[in-house]
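The numbers here are math on the coordinates, done by the rules we state, and not lab data. Note that this is a predicted model, so its numbers are computed, not measured.
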Amino acid sequence: MTQEELLPQIYKKDDRAFTLLYDMYSKSLFSVIHNLIRDTEEAEDVLQETFVKIWKNIDSYNESKGRFYTWILNIARNTSIDKLRSKGYNNSQKNLSSDNFVHLLDDSNKLTNRIDTIGIREFVKKLKPKCIQIIDLLFFKGYTQQEASEELGIPLGTVKTQNRNCINDLRNFLKV
């Protein structure tokens, strides 16, 4: 079943459609979630929460505003960020063993490899270094635009403009 055939069934809250939706997108959404939340168990919980939100909020999806995959990807990303910022999650992370920090040294977690897991590595490599830095902070590390502004030491308006321009550049690369 294609996405175009699946969407009407999801709107009707067909249980079979939900199973197909999960089968189609769970692996790619889990990759994105796990890149933000390093704990596999927590990432699995966030994935479940993401699919519940997709199911409950399907009526708010507007095809004219963007692709379905982009919409569910944003739900997954935002749910992950909400989890990272939650008080309960932060308290559970206070006394971590050093094993939880090995990923900081692991080469497989560099920006280019994380991007490759969702299949756009070659496109992002074509962007200007400043764009790669902004996309890394905003989309892969979960920074807000304000936080990225502070991290990069540039005005908030500049971050917003550069982000918009970088996304447009990426869209143009993807159209080719």
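Which of 130/160; 126/160; 12/65; 65/141; 56/175; 53/126 have a Cα-Cα distance over 23 Å? Don't jump to the answer; show the numbers that get you there.
On the way: 130/160 13 Å; 126/160 20 Å; 12/65 21 Å; 65/141 25 Å; 56/175 32 Å; 53/126 34 Å.
Flagged as over cut-off: 65/141; 56/175; 53/126.
Could you give each residue of the stretch 148-158 its phi-based ³J(HN,Hα) in whole Hz, using Karplus coefficients 6.51, -1.76, 1.60 with θ = phi - 60°, and x for Gly or Pro?
5, 4, 5, 5, 8, x, 10, x, 4, x, 5
Expressed as a rounded percentage, what relative contact order does the stretch 20-86 have, with Cα pairs under 8 Å and six or more residues apart?
Working: 39 pairs, mean separation 28.0, N = 67.
Relative contact order for the stretch 20-86 comes out at 42 percent.
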